[in-house]
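The values are calculated or read from the model by the stated rules, or taken from the named source; none is laboratory data. This one's a predicted model, so the numbers in the text were calculated from it and none came from an experiment. FYI the Cβ positions are ideal-geometry reconstructions off the backbone, even for glycines, and counts take in every protein chain you see. Surface accessibility is based on the protein's heavy atoms, side chains included, excluding ligands, DNA and RNA. Shrake-Rupley method; radii C 1.70, N 1.55, O 1.52, S 1.80 Å.
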Amino acid sequence: TLQAKGHSHVLSVVLASGVHYAGVAAAEAVAVHPELQQESAAVCKAYYKLRELFEAGLIGGVEGKRAIDVGAAPGGWTQCLQEQGASHIIAVDPGALTLTNMDRIEHIQTKVQDCIAKLEQRGEKLDLFVCDMNCSPSEAAVVLRNTRPVLKEGATVVMTFKKFSEEGKCTQESYRRDKDSALDGLRDICSDLKVVHLFANTTLERTLIATLAATPAEGSR
């Protein structure tokens, strides 16, 4: 019987050049999506996107590092960063966090554009930028650019590209164009850009992983 939970083996099927290839492996030998492992009381399903990145080794460890989570509510990615050992997490969102453990979490309950100046004034230079907010890819790219002054050179960047528009008029084609445009527009401030489709992503969602490049010196732009 095929079942997602409590299974003993994993069946993998790949279609390549018109040919289907199938393989069977014992469950313990395969990296299973964390949502199926029932190990964590996640505050929301978004949690599993970030956790999957850590478990797959797609991003490095964050123990002892400082992070900013933009569009944090209800707190899934903030929760994951906390569990992974981040020393301080700035969760930015006008909405409420539904976390019971706020250890090492600073909730700034406003829009990100209204708090960057304050973070600059106190000298923040953060190691990690994550963003899973409901916005288009081009809007997410703007958020990263606006947050750049409080990020370290070489900071890890993780953001979700979503098929989203306030008017609900985003088509699959317009989403793909926007995603490609946002990606091209980030190449001047990021290196090692990688776009992946996680198990935890929806059908059209993609996750961007990148490294923040150095800010050009005055006069060299």
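Which ones in segment 106-125 are within 11 Å of residue 70 (Cβ to Cβ) and among the aliphatic types (A, V, I, L, M)?
Result: 108, 112, 116.
Mind checking which residues of segment 108-165 are modelled with pLDDT under 95 and touching a Leu at 6+ places or on another chain (Cβ under 6 Å)?
Residue satisfying the conditions is 163 alone.
Just name the residue that is farthest from residue 174 (Cα to Cα) out of those in segment 192-221 that are of a type in the set (S, T, N, Q) and at pLDDT 95 or above.
Looking at residues that are of a type in the set (S, T, N, Q) and at pLDDT 95 or above, I get 211.
Can you list the helices (runs of 4 or more DSSP H) lying wholly within segment 110-221 that have 3 or more residues being within 29 Å of residue 56 (Cβ to Cβ)?
By residue number, 137-147, 172-185.
Which of the residues that make up segment 49-92 are in contact (Cβ under 8 Å) with a residue 12 or more places away in the chain and on the phi > 0 side of the Ramachandran plot?
Of everything in segment 49-92, those that are in contact (Cβ under 8 Å) with a residue 12 or more places away in the chain and on the phi > 0 side of the Ramachandran plot turn out to be 64, 71, 75, 85.
Only residues that are open to solvent by 90 Å² or more (accessible area, probe 1.4 Å) and either assigned to a loop (DSSP other than H, G, I, E, B) or at pLDDT 80 or above (or both): list them for segment 15-40, please.
Correct list: 17, 20, 21, 24, 31, 38, 39.
Does segment 70-107 hold any residues that are of a type in the set (Val, Ile, Thr), touching a Leu at 6+ places or on another chain (Cβ under 8 Å) and not in a helix (DSSP H, G or I), and which are they?
89, 90, 105
Kindly indicate the residue of segment 78-101 that is β-branched (Val, Ile, Thr) and over 18 Å from the mean Cα position of the chain (by Cα) and also surrounded by the most Cβ atoms within 10 Å (Cβ to Cβ) among those meeting that condition.
Of everything passing the filter in segment 78-101, 98 is surrounded by the most Cβ atoms within 10 Å (Cβ to Cβ).
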